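This report refers to the structure that appears directly beneath it.
Read-outs: derived from the displayed coordinates by stated rules, not from any lab. Worth saying up front: this structure is predicted, and the values here are computed from it rather than measured. Cβ placement follows ideal geometry from the backbone for every residue including glycine, while neighbour counts extend to all protein chains displayed.
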Amino acid sequence: MIASVVEIPHYRFNTTNYRRMWETGIFKEGDRVQLIAGEIVQMAAMGTKHQACVARLTRFFVERLGDRAVVWPQNSLEISENSLPEPDLALLKPRADFYETLQPRSQDALLVIEVSDSTVRFDREVKTQIYARGGVLEMWLIDINRQGVEVYRDPSENGYQTELTFVLDAEISPLGFSDCAIAVSQVFA
């Protein structure tokens, strides 16, 4: 006889619990974790292609946007009471204090970028849903393996209503910055 699977309840965390864990030293500097839908999720290690892609995008947006946005690389963004992910890069509404006195939230995000190689499926199936439900206006999923950029726009409770894919010969620009076009080939090389 095969035993039935017993559902074991999980403890769900919120952003307050999660921050306390950092403050009390449960997590240490260098721990690569994030709060996703109430669960603490370990982030995958970044390879050199991933790191280079984030560095290229950071430089591009800093140079092109200047004071029109805060370029927020690999920092947390509060999406909901139970999700505090660390996107690879976000463009935030400008603030004179650079969010020193206030945790940026989904309504502050103009664009969120996830760079993916080993986590493409998780980012596509889980993170896009979290960002959409949180009302993040636009999300880019940069697929290092396929060398393409998936652009998600028009957030709703059911996910993003618009999904576009761009390949190496295309140019893309964030919704709020049509003058800030980048060739997909620049993202990867």
* Label GLN103 and GLN74 with points 7 Å out from Cα along Cα→Cβ: what is the distance between them in nm? -> 2.1 nm
* Structure fact -> Magnitude of the Cβ-charge dipole (Lys and Arg +1, Asp and Glu -1) of the range 71-112 about the Cα centre, nearest 20 debye, reported as 160 debye
* **Sites MET21 and GLN147, calculated FRET efficiency, Cβ-Cβ separation with R0 35 Å, nearest 0.05** => 0.40
* Roughly how big is the range 44-170's charge dipole about its Cα centre, with Cβ charges of +1 (Lys, Arg) and -1 (Asp, Glu), in debye to the nearest 20? -> 240 debye
* Considering Cα pairs under 8 angstrom that are at least six residues apart, work out the relative contact order of the chain and quote it in whole percent. => 14 percent
* Which whole-Hz ³J(HN,Hα) couplings does the range 157-173 yield from phi under the Karplus relation 6.51 cos²θ - 1.76 cosθ + 1.60, θ = phi - 60°, glycine and proline marked x? -> 4, 9, x, 7, 7, 10, 10, 10, 10, 10, 10, 3, 8, 9, 10, 9, 9
* To do: Report the net charge of residues surrounding ALA189, where surrounding means a beta-carbon distance below 11 angstrom and charges are Lys +1, Arg +1, Asp -1, Glu -1.
  => +2
* To do: Answer with one residue from THR24, ILE36, ALA52: the one whose Cα lies farthest towards the positive end of the charge dipole of the range 8-62, charges on Cβ with Lys, Arg +1 and Asp, Glu -1.
  => ALA52
* Mind checking the full-extension length gain between THR165 and ALA183? Use 0.36 nm per residue of separation minus the Cα-Cα distance, one decimal, nm. => 5.2 nm
* To do: Could you give me the percent of Cα pairs per 10 Å distance bin for the range 1-48, shortest bin first, beginning at zero and ending with the bin that holds the maximum distance?
  => 21, 40, 22, 14, 4
* Structure fact -> Which residues qualify? For SER80, with a placed amide H closer than 5 Å and at least 5 residues away or on another chain, they are none
* To do: Please state the charge dipole magnitude for the range 68-138, taken about the Cα centre, from unit charges on C-beta atoms (+1 on K and R, -1 on D and E), reported in debye and rounded to the nearest 20.
  => 220 debye
* Structure fact -> Restricting to lysines and to Cα separations under 27 Å from LYS49, and discarding same-chain partners fewer than 8 apart, the set is LYS28, LYS127
* Rounded to the nearest 500 deg cm²/dmol, what is the calculated helix-only ellipticity per residue at 222 nm for the chain, with -39500 (n - 2.57) per DSSP H run of length n ≥ 4? -> -6000 deg cm²/dmol
* To do: Report, to two decimal places, the Cα Rg of the range 38-189 normalised by 2.2 N^0.38 Å (N = number of residues).
  => 0.96
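What is the Cα radius of gyration of the range 79-166 over 2.2 N^0.38 Å, N being its residue count?
Expressed relative to 2.2 N^0.38 Å, the Cα Rg reads 1.06.
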* Compute the long axis of helix 48-65 from its Cα atoms, compare it with the longest principal axis of the Cα atoms of the chain, and write down the angle in degrees, 0 to 90, nearest 10. => 50 degrees
